[in-house]
Amino acid sequence: MSEESRLDGVRVLEPVEDGDRFIIPDPETGEEYVFEELFRFELDTNENAYIFLQPEGSDNDEEEEVEVQAFRFEEPDRLFMIESEEEWDMVTEVFNTIVSEDDE
């Protein structure tokens, strides 16, 4: 994965309950956004870890649609954009599986 796909300036805040909070700067405006961790997972097939984030304060109720962000993740605070279509398909499949299990 190229160094250009790394998100610079990401900082981890104090954990909230089960997950971390991340400050992610917008590279175009410099504005900073706080995201909460939904969950993370690792794959044996490519030895990568992934993390799903939602904007801080987003409710998990079904009436409001929340934009979830997914990144390749390296400890402690390195987030990388997911660039390949195959990787996106795999991450989307995992997310949908986990969300559908939570709904049951």
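The values are calculated or read from the model by the stated rules, or taken from the named source; none is laboratory data. Just so we're clear, the structure is a prediction, and the values are computed from it rather than from any experiment. Note: ideal-geometry Cβ built from the backbone for every residue, glycine included; neighbour counts use all protein chains shown.
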Enumerated strands (runs of 3 or more DSSP E) restricted to region 1-83, each holding at least 2 residues that are more than 12 Å from the chain's Cα centre (by Cα) and at pLDDT below 85
11-16
I'm told V99 meets every condition in (1) aliphatic (A, V, I, L, M); (2) surrounded by 14 or more Cβ atoms within 10 Å (Cβ to Cβ); (3) at pLDDT below 90 except one. Can you identify the failing condition by its number?
(2)
